Structures are given as C-alpha cells and as structure tokens.
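Scroll down for the structure; my scribbles are underneath it.
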Amino acid sequence: MNDPTPAITADAQVARIFEWRRGFNTIHLIDLGIKLGLFAALAERPGSTAESLAQSLSLHGPYVRTWLWTAHGLGIVDADGDERFRLAPYMDQILANATHPRYLGGYVQLGTEVAAEDFGRCVDAFRTGQVAPFQGRGERFARLIAESTWGLQVATAKKILPGLAGLKERLESGGTLLEVGCGTGNFLVQAAKSFPGARIVGVDIDADSLAVARRRIAEAGVEARVSVVEGDVGAAVPAGSADVAVMIEVLHEIGPSIRGQVVKSAAACLAPGGWMAIVDETYPSTLAESRLPDFRFPLQTGIEELTWGNVLPTRAEQESLLRDAGFEASPDRALIGEGFTVLTVRKP
C-alpha cells in the first residue's frame, strides 16, 4: 500500500523558512501601514496613487510606492492598471477600522511592539527562567491587548452568552454579569449594550487597564450599572449573586499556582443555575496533537507569552479546574476562530 504522506525534501524545508521570513516582513509592512496612516487613507480614498498618498500624509513618495507594490504583491491592496490603489476586500475591516470585530491591527502590533521586545530578552531568560509579567506595562500595552481580543469580546456578548439557556432572560431582568480579568473594559461596555437591563461588574489586578476601563465606561455613559473593582474576584460581587462569570483570554494568564483558587472564587460568585463562560486557548496534551491545526494558535501563544509567566492549560487541566470548583457536569466545548476554546458550564 502506498504511503500518502508526501516525501520531505530539502527544497521544501528551505521554502518553509523563506515563507516564514516573508511573514516577518509582512507583519512589519502592516505595522507601518497602520502607524503611517496608509490603511486609513486608502479606506477613505480608494483609487489613490502613491504620489497622492505621500502628499496627503507628508511621506516620502518613493518609499510609499515601494510599500504599495509590496502590499499589492501580498494581496493586501489591489490596483488598477494606472497604479491607483485600494484595499483588498475586507482589509478595511481588518486593518483600517479599530472598532470592527475583525480588526487585527492590535494583534499585529502586539507582535511588532511587544513580542519583538520580549523575544529580545529570551536569550537571558532561557538561562535564568526570569519572567517579565504583563501587568504594569502601561496603557499602550493594555490597549493592544484589548484590541487583539476585540473580536472575541464581541462574539461573547452577541453570540456566546445569548445562546446559554435562560441567561439572556436573567440578565435582562436585572441580573448580574461578572467579568474576571476585565482589562480595559471593552467587553463590559459591549455587554452593557447587549444586555441593557443587567448589572455588570469587572474585576482585574492591573491598575493601568482599570484606569482605561473607568474612562471607557464613563464615555459610554453606562457607569450607573457598570463598575470595576481592583483586587480579588471574591471582592467584586457577593457570593451567590452573579448569573454568569466570564473570562476572555484570561484563564491561561493566571499563574498555575493560584489558577484553581481563582476559578473556585468565580464559581462561588455564581447563583444556582448561573453560568461560567470561558474563552481561552487549549495547549496540546501530546506531541502528536502539536501537529494538528487546532493547536497552531495556542502553540504560538505559548511561546510568545512564555516570559510573561503564562502557561496554557491542556484540556484535562481545564476540566479538572472546573470539577474542583464544584461544577458537576462536563463543560460544553467549542472551537472558534483561529484556535480559541469556548467552555460553558452551569452551576447546579
């Protein structure tokens, strides 16, 4: 019987390295397009020439033309025969509109600004085991984190939570939503829009993020029913009072030594019949799983956030945390996006 697995050749392996190297350049090209305003300008004025873009943005024309040709070759922009450029389909949402759920500019810049710096520390860190926690890195860092998870926040508020049995009715009749690890408050504001009758509370330990959250809540005009608390989960709401506890890309950021206690504290906040909704990433349990597409994104997060001290849990670890917190049923599990796990389970 013939082996269907294609033979690995030296040329194929070399091609992989070149492709990864192109990816490095592409990410930095996108970063330039965001910082220089090129994506925003193309979204506002499709059909622009290199010269008109350079003039309107006070940039060097030959450099802008090279950027455009490269972006065209990558399929990021399209062009007419007379070199009038426009964004390729959907790139206005993905790279030019920071309020759109598909926007990935924050995720790109989390790489070019944060990951690049962290990887620069890795040679020493690998020798010492030293970590540089993500807390206390300032508002710019907090904003990039928020932007990189914006799509997940919208999906949680608009799709995941409304799909949980009985939850929408409880929240619309004055119920309480607790977000553990609320960061800069993007989800809190989105949830306030999705559930206008609910009381919404966020808790976090990062003061920089909470400062942004308080401003965002005030700007949205929802401070009468949305609040944030700095400190432990148990201090956020009375025990047994919340109808849902939400964690979005937070579980893996909690140190393994205290992770179990945080999940237990969140569970203790829930009323009977309340829901726990966790959106996170699942690390492969075996080397064989590490080659599967479902684990590509979690593996990248694992190495990118390694020196933050973040450790991604496996499926078995996730389910053990929930059992130990008192959830009797196994969680419902779904995969969304590039490799995000949605875990939902109801308190007895």
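Nothing in this text is a laboratory measurement; each read-out follows from the coordinates by a stated rule. Bear in mind that the values here come from a model prediction, so they are computed numbers and not experimental data. Don't worry about glycine lacking a Cβ; one is built from the backbone with ideal geometry, like all the others, and counts go over all protein chains shown.
Observations
- Taking amide H atoms as placed 1.01 Å from N in the peptide plane, the amide H of Gly274 lies under 5 Å from those of Lys347, each 5 or more residues away in sequence or on another chain.
- Residue-wise HN-Hα coupling along the stretch 155-165, computed from phi with Karplus coefficients 6.51, -1.76, 1.60 (Hz; x: Gly, Pro): 4, 5, 6, 9, 10, 5, 5, x, x, 8, 3
- Look at where the Cα atoms of the stretch 252-269 and of the stretch 123-145 average out, and the two centres are 21 Å apart.
- Against the chain, whose longest principal axis is taken from its Cα atoms, helix 315-324 shows a tilt of about 20°.
- Simple rule: put +1 on each Lys or Arg Cβ and -1 on each Asp or Glu Cβ in the chain, find the dipole, and look at Trp67, Ala242, Ala96; the Cα lying farthest toward the positive end is Ala242.
- Whole-Hz ³J(HN,Hα) from phi, Karplus 6.51 cos²θ - 1.76 cosθ + 1.60, for the stretch 248-255, glycine and proline x: 10, 6, 10, 3, 6, 8, 8, x
- Charging the Cβ of each Asp and Glu at -1 and of each Lys and Arg at +1, and nothing else, the dipole of the chain about its Cα centre rounds to 500 debye.
- Shape category assigned to the stretch 4-141 from the gyration tensor of Cα positions, a/c cut at 1.5: oblate
- Annotation: amide H of Glu179 within the under-5 Å range of Val201, Gly202, Val203, Val246, sequence separation 5 or more or interchain, hydrogens built in the peptide plane.
- Here the Karplus relation 6.51 cos²θ - 1.76 cosθ + 1.60, evaluated at θ = phi - 60°, turns the backbone of the stretch 290-298 into coupling constants of 5, 8, 7, x, 4, 10, 4, 5, x Hz, with x for every Gly and Pro.
- Only lysines eight or more places from Lys193 in sequence, or on another chain, were considered; those with a Cα closer than 24 Å are Lys158, Lys159, Lys168.
- Amide proton proximity set for Tyr283, modelled H, under 5 Å, gap of 5+: Thr314, Arg315
- Angle between the chain longest axis and helix 207-220 axis [Cα atoms, degrees, rounded to 10]: 90
- Projected area averaged over orientations for the stretch 139-346, convex hull of C-alpha atoms, nm²: 10.6
- When DSSP beta bridges are restricted to pairs lying wholly in the stretch 139-346, around 35% turn out antiparallel.
- Exposure proxy ranking, count of Cβ atoms within 10 Å, fewest first, for Phe39, Phe327, Phe119: Phe119, Phe327, Phe39
- Positive-pole candidate from Phe195, Gln109, Ala146, dipole of the chain, charges at beta carbon: Phe195
- With Cα atoms as the point set, the radius of gyration and Dmax of the chain evaluate to 22.4, 70 Å.
- Reducing the stretch 18-95 and the stretch 280-317 to their Cα centroids gives an inter-centroid distance of 33 Å.
- Helix 10-35 vs. the chain, principal-axis angle (Cα, 0 to 90°, nearest 10): 80
- MRE, 222 nm, helices only [DSSP H, n ≥ 4, -39500 (n - 2.57), over the chain, to nearest 500]: -12500 deg cm²/dmol
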